[in-house]
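**Student:** Have a look at the structure that comes next, please.
Every number here is computed from the coordinates shown, using simple stated rules; none is lab data. Remember, predicted model here, so these are calculated numbers, not experimental data. Every residue, glycine among them, receives a Cβ derived from its backbone with ideal geometry; neighbour counts consider all protein chains shown.
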């Protein structure tokens, strides 16, 4: 059966404690979800903040391959007219093909939280849906507190479902809002809704009992045709159902159609991408996508795996783009280094054993080459012997100061050598790293005007052992672009300026390699 | 129904990638599990390492309140006698009342991994159990690969179960070893085993499909009387069923008897304790026990919670020893700010509209008060009017430099005013922020020696709009501790030094408030 996939990473996921997506982050995640084959992408809550409105105005200018973008809001305010409701207007102004509104399907919640009458809540549901339909929108109705509402006043929940259907809802999504329901409850409630209405049903679950996925599956088993969730199970409190576990389970274990096999092979990459933009570490034990999901530690598991790959694995990890690993050491194996060198077209020139040693020694110091393929390619080239760096930095100084309450000032001085010539210059910046970048480029562009087209696209900092506080090692990832392609570089040090400096230097050096046409031209582009 | 609780944190949990327990860690965890009311504590694999043997010899000297300690191992080696088997001898030498042995209930696994005949595998099961029973041990049999074995060769799985029962097994624990089974499979397989044998059944599940808990519940529903799992779902690959979610669900949602209510109230504390000894951060989204499990971020959730505690919670968090929290964030409205001010005891003194305006303006500049409750409390106090800061920083200068290939050097100079007095000093550090912290504390401790007990526990950096590259705004979160409590502060700026500086300043200022006893004493401590 074809299952409709509805992602709310950008709305419910953005409600995760400690997570805050910029409009740019949201667009980048939406593009990846679209390529993965998600059918609906809920972009945010335009009524609640300007960042979400920016997302919708930029999303309206793009073509989406698979996904319809949806704006999320609530039914109209009590005792008003839908046409006068500012939040409904904000939803329609988003110009999305689909609008999702949350409506209370629980008499208790309507009376206690909305502080209104059961009848007025029904009117709010009806008016809001009719208003959206008149505006030509597909209307998805999130039946908030549906399962708790059933237990509290079954007849009222039924009335809500019938009103929503009569008003023209395109989907009725049954929500276990507080996450406290068991699969048996979900199954029974979904079957009931299917008796009351012919509107296609969806299921929206939370993980407060560690049952979000089981509940999503129970809903599908009982007849729901849409599943809602988030990448990596982000979301309010304990999070939502993790679509990146639900989808492979529906497809590989239950035989439902969700995405194409090539798309399914992007599961692990997508999980890691969203974690990166959310600036969290993906839990290595995450099903399907986690770094440990197919890792084998116990001696008898490792030995079993060497006899048959089914010994301690339930699927071939390649189906979801993951790898199995035997944990002899925590570090990379020789075969992964060889595979990477091959993919860069440097296989023949590479002394794999020496490269592996170098990688291990750098990883011990906090480097990591996932997402920093340009630094990895430079590492291999530097081991070739014939390689000559195009420039050398002799020294630099960075300072940041504030005097008598004036604005902070950051300045950098750099001295660079190219061949026999030395150039010494200085620049200001918004912060110490930006000052250093500007001074270095000022010096380099004197020798290499082609660097003018290169831009830094992204700068990320990760504290590696944050309990060491300000003495912790720091990893810096820099993403650069020449307008056509992007490349990533990495630096690590207990000094954030030095870590940034290493990544910036690699980035300039790789740009020069590219400009001279000696780079691999593939693989290095991430 | 009374459910038997079997914990394998110290064995399966110790197989988590990156986790290593000392014998002392294991004893401390076992004591807490015992106090919590766990019935069986699997201590380890005495055949595999000396650390586990040390655990068993020390465990034998203690009195346990509720728990029986169990030693874990496998059936005898093929084509030998049980009496000659070294691993079985090591199990009996542990002097535990209970021994758990893993036995293959899958013909495919016996042939492929054990490389033996189906008949010899049956003999290995029978001999090993009889040997343990002769030695006077309670014998728990982990039926490895039981569910996959059923699918592969049902008759053989049945034979294994009958042989184990005839040999005297006290418990037969059905294992979804590879974690790839669905609840329907677990239910059917458990019902089948119950038809074949009268030995009480247990259920042992893994989380590879994100269904470990659902599968454990399906086993119990189908007649299993024992549930196996680990604290926090530690374990090989994606981990085991999390007993600290399974137990509250069985007890609070399904009405089974597991532990006493006072013990259940230790759930969150136990989860945090095990994470601490495992040296991992407990995922804040962990059901029941996580820091975010009852935290409310969306404005309409915060406002709902202020009207009724059932609005967005499925249980009272006190039942499992957790708290609910309203998070201050850009998604929150006025009611969240008021609720937070009330929880800090500052409700009467707070002009909520002005505070909300201040919060929103700071959030636009990249501040975020989730996890920075101390900065939020300072914000409210500074709005009071009568508040006076205990010190003032006049100015500072930080530099980082490298000269002619020498190691990088970082130094900071600060000038501080307390009352009429000015003090000017300097320090070095591993990086610019650490130099600044050291110089500032050197200056402050001259006036406030009580700051000596304060330590920075954690330092996190988040690049907010990373596509602005090195001009991006940066958010710094600092966690500090005085040995008793911890508090979080935040700073934001396009200059990383300035952002760190704002967070550090708040942290010192809050430490002084605490030392003087004017802080709220609750709420601010995160």
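**Student:** Starting from a label point 7 Å past Cα on the Cβ side, list the distances from residue A:135 to the same position in the other copies, nm, shortest first.
**Tutor:** 7.3
**Student:** Here's another thing I want to ask about it. So how compact is region A:1-158: Cα radius of gyration and Dmax in angstrom?
**Tutor:** 16.1, 45
**Student:** Shifting gears a bit: In degrees between 0 and 90, to the nearest 10, how far off the longest principal axis of chain B does helix B:50-59 point, with axes built from Cα atoms?
**Tutor:** Helix B:50-59 sits roughly 90 degrees off the main axis of chain B.
**Student:** Quote the relative contact order of chain A in percent (integer), defining contacts as alpha-carbon pairs under 8 Å separated by 6+ residues.
**Tutor:** Numbers: 1034 pairs, mean separation 48.5, N = 526.
So the answer I get is 9 percent.
**Student:** Further question on the same structure: Given a Förster radius of 35 Å and the C-beta distance between residue B:404 and residue B:453 as r, what FRET efficiency does 1/(1 + (r/R0)^6) yield to the nearest 0.05?
**Tutor:** Working: r = 41 Å, r/R0 = 1.18.
Calculated value: 0.25.
**Student:** Could you work out the Kirkwood radius for region B:235-365, taking every pair of different alpha carbons, averaging 1/r and inverting it, reported in Å? The partial results should precede the final answer.
**Tutor:** Numbers: mean 1/r = 0.0603 Å⁻¹.
After inverting the pairwise mean of 1/r, the radius is 16.6 Å.
**Student:** In deg cm²/dmol and to the nearest 500, what is the mean residue ellipticity at 222 nm of chain B if only DSSP H runs of at least 4 residues count, each as -39500 (n - 2.57), divided by the residue total? Before the final figure, lay out the partial values.
**Tutor:** Details: 18 runs with 201 residues, N = 526.
Mean residue ellipticity, 222 nm, calculated: -11500 deg cm²/dmol.
**Student:** Of the DSSP beta bridges with both residues in region B:148-275, give the percent that are antiparallel, rounding to the nearest 5.
**Tutor:** Numbers: 1 of 9 bridges.
The antiparallel proportion sits near 10 percent.
**Student:** How large is the Kirkwood hydrodynamic radius of chain B, in angstrom, based on all distinct alpha carbon pairs? Provide the component values of the computation, followed by the final result.
**Tutor:** Numbers: mean 1/r = 0.0379 Å⁻¹.
Roughly 26.4 Å, rounded to one decimal.
**Student:** Measuring from a point 7 Å out along Cα→Cβ, what nm distances, shortest first, does residue A:261 have to its partners in the other copies?
**Tutor:** 5.7
**Student:** Can you give the % of DSSP beta bridges in chain B that are antiparallel, to the nearest 5? Don't skip to the answer; put the middle values down first.
**Tutor:** Details: 35 of 72 bridges.
Roughly 50 percent of the DSSP beta bridges within chain B come out antiparallel.
**Student:** At residue B:32, with labels set 7 Å past Cα in the Cβ direction, how many nm apart are the copies from this one, shortest first?
**Tutor:** Listed shortest first, these distances are 3.4 nm.
**Student:** What is the helix-to-structure angle for B:118-134, meaning the angle in degrees between its Cα long axis and the longest Cα principal axis of chain B, kept from 0 to 90 and rounded to the nearest 10?
**Tutor:** The helix B:118-134 is inclined about 80 degrees to chain B.
**Student:** Roughly what angle does helix A:183-196 make with the longest principal axis of chain A, taking Cα atoms, 0 to 90 degrees, to the nearest 10?
**Tutor:** 50
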